[in-house]
1. Residue by residue through the range 97-110, note down the ones that are near the ligand (Cβ under 10 Å from one of its atoms) and within 12 Å of Gly84 (Cβ to Cβ).
2. Out of the range 111-137, which residues are outside any helix (DSSP H, G or I) and either at pLDDT below 95 or away from the ligand (no atom under 12 Å from the Cβ) (or both)?
3. Could you list, in sequence order, all residues of the range 187-219 that are within 20 Å of Leu171 (Cα to Cα), touching a Ser or Thr at 6+ places or on another chain (Cβ under 9 Å) and within 16 Å of the ligand (Cβ to nearest atom)?
4. Need pairs with beta-carbon distance below 7 Å; first residue of a type in the set (S, T, N, Q) and within the range 58-87, second part of a helix (DSSP H, G or I); sequence gap 6+ or separate chains.
5. Hey, can you tell me all the residues within the range 169-181 that are surrounded by 18 or more Cβ atoms within 10 Å (Cβ to Cβ), more than 14 Å from the ligand (Cβ to nearest atom) and more than 15 Å from Phe110 (Cβ to Cβ)?
6. For the range 171-188, what are the residues that are modelled with pLDDT of 95 or more and in contact with a strand residue (DSSP E or B) (Cβ under 6 Å, 6 or more places away or on another chain)?
7. Please work out which residue is nearest to the ligand (Cβ to nearest atom), limiting yourself to the range 59-70 and to residues that are open to solvent by 50 Å² or more (accessible area, probe 1.4 Å) and modelled with pLDDT of 95 or more.
8. Hey, can you tell me all the residues within the range 138-156 that are within 8 Å of the ligand (Cβ to nearest atom) and assigned to a helix (DSSP H, G or I)?
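The values are calculated or read from the model by the stated rules, or taken from the named source; none is laboratory data. Here the structure is a predicted model, which means the values were calculated and not measured. We place every Cβ from the backbone using ideal geometry, glycine too, and count neighbours over all the protein chains shown. Surface areas here come from the heavy atoms of the whole protein model, side chains and all, with no ligands, DNA or RNA. Shrake-Rupley method; radii C 1.70, N 1.55, O 1.52, S 1.80 Å.
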Amino acid sequence: MNATAITDEMTMQRLAMVEQLRTTHKIADERVLDVMSRVPRHLFVPVAIKSQAYKDNALPISGGQTISQPFIVARMTELLELTGNEKVLEIGAGSGYQTAILASLARSVFAIERLANLADEATRRLQTLGITNVTLKAADGTTGWETYGPYDAILVAAGGPDIPEPLVKQLKIGGKLVIPVGDDQRSQTLIRVTRTESGSTQENFGPCAFVPLIGEHGW
Ligand code: SAH
């Protein structure tokens, strides 16, 4: 296949993935579906498994980590209820795929990835795609990123035993934190925390499975 044929094939697979998100997974936020129909997920996975990029499952990336399943990316993004003006903090940038989605739906994204080589690769990919509203650093994200806070929304893409207190503190009043939490390193519950005047409220969105959140307020 020549380069144009490959691009067309990837686009067709991407649109099929979005249809599945809409019909099977009941993702209803059109802005989320639209951006996922445009961001080239195949450029965020290792070249050897590019042909699997649009399957609805997590895939291995370097450092023993994973690029999250498209459904969970869509679900977590939808739960943040972004309208375009937000300042977002993302913990566990990994490949940078979720970062690219958030960057299209919010004003700015501050992203943290624990593993330096993944952070470097993600930064390079985002630059190649012309995404300029992301600031990404390699660090432990469980303490947040106080310099740029407070945030309208925080997304954590790795699972810890508890909700890291610094992240709740770095939310604006009304701000939302979406995070997998569980006392087992392999399975968690997806939680949405909303910061209120007097503290915070929590909603439960069912079981999920993420790689461990490793750090001061994680494992
Ligand atoms: N959204 C990413 C998910 C990557 S997997 C994607 O779709 O590609 C989760 C990532 O969280 C891993 O890359 C892991 O290295 C990172 N991580 C784990 N603990 C972390 C921490 N304390 N701070 C920042 N990143 C962390």
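1. Leu102, the sole residue that qualifies.
2. Result: Leu129, Gly130, Ile131, Thr132, Asn133, Val134, Thr135.
3. Answer for the range 187-219, where residues must be within 20 Å of Leu171 (Cα to Cα), touching a Ser or Thr at 6+ places or on another chain (Cβ under 9 Å) and within 16 Å of the ligand (Cβ to nearest atom): Leu213, Gly215, Glu216, His217, Gly218.
4. Within 7 Å, the pairs are Ser62/Asn117; Ser62/Leu118; Gln65/Leu118; Ser68/Gln98; Thr77/Val32; Thr77/Ile101; Thr77/Leu102; Thr77/Leu105.
5. If the condition is that a residue be surrounded by 18 or more Cβ atoms within 10 Å (Cβ to Cβ), more than 14 Å from the ligand (Cβ to nearest atom) and more than 15 Å from Phe110 (Cβ to Cβ), then Lys176 is the only one that fits.
6. Residues satisfying the conditions are Leu171, Lys172, Ile173, Gly175, Lys176, Leu177, Val178, Ile179, Pro180, Val181, Gly182, Gln188.
7. Thr66
8. Gly141, Thr142, listed by residue number.
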